[in-house]
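In what follows, a single structure is set out as structure tokens and then discussed.
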Amino acid sequence: MRAAISGVGQSDIGRRLFRDPLELTIDACLEAIADAGLDRSDIDGLSTYPGAMAIPPGFSGPGITEVHDVLRLNLRWFNGGMEAPGQLGSVILACLAVEAGLANHVLCFRTVWEGTAQADQGRSAVMPGSGRGGGYRADGFMQWFLPYGAPSAANWISMYAQRHFHEFGTTREQLAQIALNGRRNAALNPKAVYRDPMTLDDYMNVRMISSPLCLYDCDVPSDGSTAVIVSRDGPVNVEAVSTAIRGRPSWDQWDDLTTMALRDAGADLWTRTSLTPADVDVVELYDGFSFITLAWLEALGFCGKGEGGAFIEGGTNIARDGGVLPLNTHGGQLSAGRLHGYGFLHEAVVQLRGVAGDRQVPGNPEVAVAAAGGGPLAGCLLLTRG
Amino acid sequence: MTEAAQPFRVLPRLTDDNRHFWTGGADGELRVLRCQTCRYWIHPPVAVCANCLGRDLAPEVTSGRGTVATFTINHQPWYPGLDPPYVIAMVELEDQPSTRLTTNIVGCGVDDVYIGMPVRAVFEQYDDVWIPFFAPEAAT
């Protein structure tokens, strides 16, 4: 398609920065604008996921309106909302807007401040229904989960992982490689939240969250903002995007409990390009929970259905240096912080431009996939060096 | 069981759309909305049947039986007053296996649950809500 990533930017990232999320957002946006060689006055499109939301606390920073107003942008097109094909759906829509001529340069951003929102209260501080007295009642889709003490995607994704383990013999030792690989790469990323070495023993012995997922299978709530600019031309081309979802849009009514919506988004990507999975040099695949990454690897055809465990076993195939498919080269959300999808796109762009520093994938990578989303959310982009 | 002995649970807000599901337990019945035209079970309840687009819908009593499609043992203390570990599961309804309920498996040890386990609905009253849980068929 005729769209490109012309610039990227990222704020400080930390476990708890105690800074206003608007401030983080503007830092990321200004860096992206400068990186693209543009001026604020050149930005005529704005897109974000999920837009301003009060609940759950920290899940989103400013929405379109606040960023538009602070940067005093002159917009021809904008979009924000969470009914989208995953977090990167906001970027995919920006690509369409540029291709259609609705805007020339679309600034896309995603901000989280979940670390600060939790403060020292832990996860329960941001759980729906917690700390609101006995009168709170659950509405909408959460009513089917909250009465059962299942408020978190950790619970929902765990059940997909369990089914995958059951059908295909996937093991915790195999799944561990997503976390271990991320931590190895994070050690080379100065912005990563967790950089200390992690061993398989560390992984196997850490506390369970929701079986079979342990603490190190769950990403780390963080503060940070990422911005990218979509233009007609730039150093990284958007070769293809994918947004398909053919099953029921639901966490517990999806037809195949070893896949998620990413099954359809992954497969559809290859219908819009002459490239194939064998052409891909580096992949940045969502790891809000480790199992989602394994499922994306299968969905995108890097291995067969059910073969994800064997593919990542031992970590050799996905190693940054020497692997056939370097994966989550910045550390992923497991170790680099939960930037909620945009971090993967940022890293794919940095790798294709050859400016990843110590963690640069050797051999001048030319083709990358950035993918985000789990459960009923899924969207991905195939990127090539311009 | 006294109310004070119950664990903390976030309860659903009862509406005309969901009351049949959350109060059927008062009569020991697991009720699910059903299309009166094509007989498709509709869950979560909505005003139009996704199978035939029919509008003539009414709650009906299911067999209350199902099969564990998948599960997880939750160890994380999400809520003060709801102590882990406990089993969260997706149960396929016997009446229509493509339709699942997310639930807890009760009446057995957390390590006794397995995929394919036959289970049956049991209910616990919390205020004006009867939460459907599932217990092993053999134990009910």
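Looking across segment A:320-377, just one residue is among the hydroxyl-bearing types (S, T, Y) and in a loop (DSSP other than H, G, I, E, B), and that is A:T329. Any residue in segment B:24-43 that is closer than 25 Å to A:M127 by Cβ and without any contact (Cβ under 8 Å) to a residue 12 or more places away in the chain? No, because not a single residue in segment B:24-43 is closer than 25 Å to A:M127 by Cβ and without any contact (Cβ under 8 Å) to a residue 12 or more places away in the chain. Taken together, B:A69, B:A121, B:A50 contain a single residue that is closer than 23 Å to A:W251 by Cα and under 11 Å from the mean Cα position of the chain (by Cα), which is B:A121. Tell me which residues, restricted to segment A:303-350, are surrounded by 24 or more Cβ atoms within 10 Å (Cβ to Cβ), hydrophobic (A, V, I, L, M, F, W, C) and under 16 Å from A:P365 (Cβ atoms). Scanning segment A:303-350 gives A:I318, A:L327, A:F344, A:L345, A:A348, A:V349.
When residues in segment A:153-174 are screened for being buried (at least 22 other Cβ atoms within 10 Å of the Cβ) and either away from every other protein chain (no Cβ under 14 Å) or assigned to a loop (DSSP other than H, G, I, E, B) (or both), 1 of them pass.
For B:A58, the criteria (1) surrounded by fewer than 16 Cβ atoms within 10 Å (Cβ to Cβ); (2) of a type in the set (A, V, I, L, M, F, W, C); (3) within 14 Å of another protein chain (Cβ to nearest Cβ) hold in every case but one, which is (3).
Can you say whether A:R76 is closer than 22 Å to A:A28 by Cα, in contact (Cβ under 8 Å) with a residue 24 or more places away in the chain and surrounded by fewer than 18 Cβ atoms within 10 Å (Cβ to Cβ), as far as the supplied structure shows? Yes, satisfied. When segment B:21-39 is filtered for residues that are surrounded by fewer than 18 Cβ atoms within 10 Å (Cβ to Cβ) and either out of contact with any Asp or Glu (no Cβ under 9 Å at 6 or more places or on another chain) or of a type outside the set (V, I, T) (or both), the ones remaining, listed by number, are B:A26, B:D27, B:G28, B:Q36, B:C38, B:R39. State all residues of segment A:91-103 that are assigned to a helix (DSSP H, G or I) and crowded, with 21+ Cβ neighbours inside 10 Å; if no residue qualifies, say none. Of everything in segment A:91-103, those that are assigned to a helix (DSSP H, G or I) and crowded, with 21+ Cβ neighbours inside 10 Å turn out to be A:V91, A:I92, A:L93, A:A94, A:C95, A:A97, A:V98.
Among the residues of segment A:130-146, which ones are part of a loop (DSSP other than H, G, I, E, B) and at pLDDT 70 or above? Once the filter is applied, which keeps residues that are part of a loop (DSSP other than H, G, I, E, B) and at pLDDT 70 or above, segment A:130-146 yields A:G135, A:Y136, A:D139, A:F145.
For every residue, the table says whether it meets (1) aliphatic (A, V, I, L, M); (2) crowded, with 24+ Cβ neighbours inside 10 Å; (3) touching an Asp or Glu at 6+ places or on another chain (Cβ under 8 Å); (4) part of a loop (DSSP other than H, G, I, E, B).
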| site | (1), (2), (3), (4) |
| --- | --- |
| A:V241 | yes, yes, no, no |
| A:I245 | yes, no, yes, yes |
| A:R248 | no, no, yes, yes |
| A:D256 | no, no, no, yes |
| A:A265 | yes, yes, no, no |
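Looking at A:L275, is it surrounded by fewer than 18 Cβ atoms within 10 Å (Cβ to Cβ), more than 24 Å from A:A310 (Cβ to Cβ) and touching a residue at least 24 places away in the same chain (Cβ under 8 Å)? Spelling it out, A:L275 is indeed surrounded by fewer than 18 Cβ atoms within 10 Å (Cβ to Cβ), more than 24 Å from A:A310 (Cβ to Cβ) and touching a residue at least 24 places away in the same chain (Cβ under 8 Å). Listed conditions (1) under 24 Å from A:V106 (Cα atoms); (2) surrounded by 23 or more Cβ atoms within 10 Å (Cβ to Cβ) are all met by A:N237, apart from (2).
Exactly one residue out of B:L93, B:L53 is surrounded by fewer than 16 Cβ atoms within 10 Å (Cβ to Cβ) and either of a type in the set (A, V, I, L, M, F, W, C) or within 30 Å of A:C218 (Cα to Cα) (or both), and it is B:L53.
For segment B:101-125, taking the residues that are surrounded by 18 or more Cβ atoms within 10 Å (Cβ to Cβ) and over 26 Å from A:L213 (Cα atoms), the one that is farthest from the other protein chains (Cβ to nearest Cβ) is identified as B:R120. For B:N74, indicate whether it is more than 7 Å from every other protein chain (Cβ to nearest Cβ), polar (S, T, N, Q) and in contact with a Phe, Trp or Tyr (Cβ under 7 Å, 6 or more places away or on another chain). In short, no. Annotation: B:S98 fulfils all but one of (1) within 12 Å of chain A (Cβ to nearest Cβ); (2) surrounded by 15 or more Cβ atoms within 10 Å (Cβ to Cβ); (3) at pLDDT 95 or above; the unmet one is (2). Looking for something more than 14 Å from chain B (Cβ to nearest Cβ) and crowded, with 20+ Cβ neighbours inside 10 Å - is there at least one such residue anywhere in segment A:133-149? No: segment A:133-149 contains no residue that is more than 14 Å from chain B (Cβ to nearest Cβ) and crowded, with 20+ Cβ neighbours inside 10 Å. Comparison of A:L352, A:L339, A:L334 shows that the only residue that is at pLDDT 95 or above and under 21 Å from A:W270 (Cα atoms) is A:L352.
Residues in segment B:26-46 that are away from chain A (no Cβ under 12 Å) and under 29 Å from A:G149 (Cβ atoms): B:A26, B:D27, B:G28, B:E29, B:L30, B:R31, B:V32, B:L33, B:R34.
Taken over segment A:300-312, the residue count meeting the criterion of being outside any loop (DSSP other than H, G, I, E, B), within 22 Å of A:D219 (Cβ to Cβ) and in contact (Cβ under 8 Å) with a residue 60 or more places away in the chain is 3. In segment A:199-226, the residues that are within 13 Å of another protein chain (Cβ to nearest Cβ) and without any contact (Cβ under 8 Å) to a residue 24 or more places away in the chain reach residues that are assigned to a loop (DSSP other than H, G, I, E, B) and basic (K, R) with C-beta atoms within less than 8 angstrom, at least six apart or across chains, in these pairs: A:L215/A:R207. Please determine whether any residue of segment A:223-231 is part of a strand (DSSP E or B) and within 17 Å of A:Y160 (Cα to Cα). No, because not a single residue in segment A:223-231 is part of a strand (DSSP E or B) and within 17 Å of A:Y160 (Cα to Cα).
The values are calculated or read from the model by the stated rules, or taken from the named source; none is laboratory data. From a predicted model like this one, the values you see are computed outputs, not experimental measurements. Glycine also receives a Cβ, built like all others from the backbone with ideal geometry; neighbour counts cover every protein chain displayed.
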